[in-house]
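Below is one structure, written out as structure tokens; comments come after it.
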């Protein structure tokens with residue numbers, strides 16, 4: 001199984017080369033936000049205010065880490081279920097977001113928006129909190145500190161293990177991966 | 001009568017809450033290793049390898065194994081000869097409060113489901129009490145993650161739906177859960193009782209050791225069959241395709257009404273964090 005090393009910023013040209021089912025190791029800067037932060041993003045946009053993070057060619061990781069133990073960069077930092085953010089994702093893609101990192105199904109509306117903007121949805125392994133924490137080398141809270149675990153963060157990551165779940169053409173590994181396994185069984 | 005100091009209970013809850021988020025039970029680790037060896041999908045093996053590495057890293061480097069350190073669920077089996085010197089429920093909450101602070105665990109509980117202000121200390125734990133014979137107190141503790149809790153379902157089937165109806169509902173629940181619930185899963189199925197008790201025993205079934213055989217051969221047989229059916233769905237580890245969608249199906253059955261067939265399916269992700277102590 002080939003593993004591809006990629007880095008942010010993730011330009012449209014780079015995104016086009018990523019195919020569903022590809023294992024990748026991601027390095028560079030990514031941003032973290034989940035449920036409560038998305039609600040504030042939407043409120044800010046409604047008021048015409050700027051978001052606290054740059055979106056263009058950047059990736060958003062759906063994560064709410066455990067508190068950082070002294071001597072560590074961050075606590076356990078695995079992904080949360082992405083579908084809870086589905087209602088917010090198309091707007092952020094429209095504004096230039098290159099893709100998202102999480103786990104679980106995405107809605108067809110999100111997939112359609114991803115194809116329009118050539119965005120990518122990466123999967124991180126749910127429950128691999130320690131492995132993913134070790135790939136995070138720097139961690140700063142940059143907005144909504146009062147949200148605790150749900151505050152917006154900036155991470156510098158090195159060789160973060162991910163898989164391309166939905167690619168910029170809309171191919172969905174959650175469909176093709178299990179289907180390929182089933183058809184192997186039936187033969 | 002045994003005079004029981006509730007500080008004992010608070011300490012036991014504290015220990016279990018701290019320990020279980022960092023070190024998972026041996027039965028689960030053994031099942032995961034066996035699943036890794038039996039997995040015939042490359043993506044599946046790769047994923048299980050990372051999950052196994054994660055458990056080692058968690059223990060060695062003092063990271064909780066998963067960032068969703070759960071909502072606490074506690075069962076107390078209280079011997080009828082026990083006399084508590086103070087409020088046992090307060091003692092449970094005190095244990096949880098201290099463990100989540102000292103253990104760098106995430107506080108994931110909101111005080112009201114609609115107004116949603118975080119309680120700040122992961123209390124309250126959900127506590128169920130049962131009175132039993134003797135002068136001991138048994139405390140069973142689970143830290144339940146909500147990726148999988150959200151994928152759980154309950155349905156009031158008709159008696160004529162029978163075994164096949166229940167199996168269909170189990171398969172439907174697992175299919176809809178898919179990757180959202182973080183497979184490989186443990187699937188708890190509560191059948192019978194009333195609406196509420198079907199759900200209760202489904203969760204209690206998740207506490208059984210993986211690899212344990214149901215004492216009733218009828219249900220032991222159903223557990224094996226349904227596990228095969230679930231693992232034929234092909235979701236595999238994390239839903240990336242493969243054999244290991246679930247590690248176990250655990251059924252708990254209760255007497256029920258002539259007109260009813262309640263079924264609750266409680267899903268656990270691969271963070272099967274539970275422990276017990278007899279005090």
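The values are calculated or read from the model by the stated rules, or taken from the named source; none is laboratory data. Owing to the predicted nature of the structure, the values given are computational and were not obtained by experimental measurement. Here the Cβ is made from the backbone with ideal geometry for all residues, glycine too, and neighbour counts use every protein chain on show.
So, restricting to strands (runs of 3 or more DSSP E) that lie completely within the range B:186-279, which ones have at least 2 residues that are over 20 Å from residue B:28 (Cβ atoms)?
Here the list reads B:246-256, B:261-268.
Suppose the filter is buried (at least 24 other Cβ atoms within 10 Å of the Cβ), under 18 Å from residue B:165 (Cβ atoms) and away from chain A (no Cβ under 14 Å); does residue B:198 pass it?
Considered against the rule, which asks whether it is buried (at least 24 other Cβ atoms within 10 Å of the Cβ), under 18 Å from residue B:165 (Cβ atoms) and away from chain A (no Cβ under 14 Å), residue B:198 comes out as yes.
Can you tell which of B:278, B:249 is more than 13 Å from every other protein chain (Cβ to nearest Cβ) and surrounded by fewer than 24 Cβ atoms within 10 Å (Cβ to Cβ)?
That would be B:278, the only listed residue that is more than 13 Å from every other protein chain (Cβ to nearest Cβ) and surrounded by fewer than 24 Cβ atoms within 10 Å (Cβ to Cβ).
Which pairs do you get when a residue that is at positive phi, found in the range A:105-127, comes within reach of a residue that is buried (at least 19 other Cβ atoms within 10 Å of the Cβ) and assigned to a helix (DSSP H, G or I), reach meaning Cβ atoms under 8 angstrom, with the pair 6+ apart or on two chains?
That search, which allows pairs on different chains as well, returns A:118/A:15; A:127/B:51; A:127/B:54.
For residue B:108, only one of the following conditions fails: (1) within 22 Å of the chain's Cα centre (by Cα); (2) farther than 30 Å from residue B:234 by Cβ; (3) in a helix (DSSP H, G or I). What is its number?
So residue B:108 meets the others, but not (3).
When the residues of the range A:136-150 are narrowed to those that are more than 21 Å from residue B:119 (Cβ to Cβ) and touching a residue at least 40 places away in the same chain (Cβ under 8 Å), which ends up surrounded by the most Cβ atoms within 10 Å (Cβ to Cβ)?
Here the answer is A:136.
Answer yes if at least one residue in the range A:62-83 is surrounded by fewer than 23 Cβ atoms within 10 Å (Cβ to Cβ), away from chain B (no Cβ under 14 Å) and modelled with pLDDT of 95 or more, and no otherwise.
The answer is no, given that none of the residues of the range A:62-83 is surrounded by fewer than 23 Cβ atoms within 10 Å (Cβ to Cβ), away from chain B (no Cβ under 14 Å) and modelled with pLDDT of 95 or more.
Residue B:118 versus (1) modelled with pLDDT of 95 or more; (2) more than 30 Å from residue B:233 (Cα to Cα); (3) surrounded by fewer than 22 Cβ atoms within 10 Å (Cβ to Cβ): which is the lone unmet condition?
(1)
Do we find that residue B:98 is touching a helix residue (DSSP H, G or I) at 6+ places or on another chain (Cβ under 6 Å), part of a helix (DSSP H, G or I), touching a residue at least 12 places away in the same chain (Cβ under 8 Å) and not assigned by TED's automatic domain parsing to the domain that holds residue B:247 in this structure?
Yes, satisfied.
Sort through A:19, A:103 and tell me the only one that's within 14 Å of chain B (Cβ to nearest Cβ) and within 12 Å of the chain's Cα centre (by Cα).
Result of the check over A:19, A:103: A:103.
Filter the range A:151-187 for residues that are in contact with a helix residue (DSSP H, G or I) (Cβ under 9 Å, 6 or more places away or on another chain) and at the interface with chain B (Cβ under 10 Å from one of its Cβ atoms); which is surrounded by the most Cβ atoms within 10 Å (Cβ to Cβ)?
A:165
Please indicate, with yes or no, whether at least one residue in the range B:31-49 is under 24 Å from residue B:128 (Cα atoms), assigned to a helix (DSSP H, G or I) and not assigned by TED's automatic domain parsing to the domain that holds residue B:233.
Among the residues of the range B:31-49, not one is under 24 Å from residue B:128 (Cα atoms), assigned to a helix (DSSP H, G or I) and not assigned by TED's automatic domain parsing to the domain that holds residue B:233, which makes the answer no.
Test residue B:87 against the stated conditions and say whether it is over 22 Å from the mean Cα position of the chain (by Cα), within 11 Å of another protein chain (Cβ to nearest Cβ) and either over 30 Å from residue A:102 (Cβ atoms) or in contact (Cβ under 8 Å) with a residue 12 or more places away in the chain (or both).
No, not satisfied.
Name the residues in the range A:25-36 that are within 14 Å of another protein chain (Cβ to nearest Cβ), touching a strand residue (DSSP E or B) at 6+ places or on another chain (Cβ under 8 Å) and crowded, with 19+ Cβ neighbours inside 10 Å, would you?
A:32
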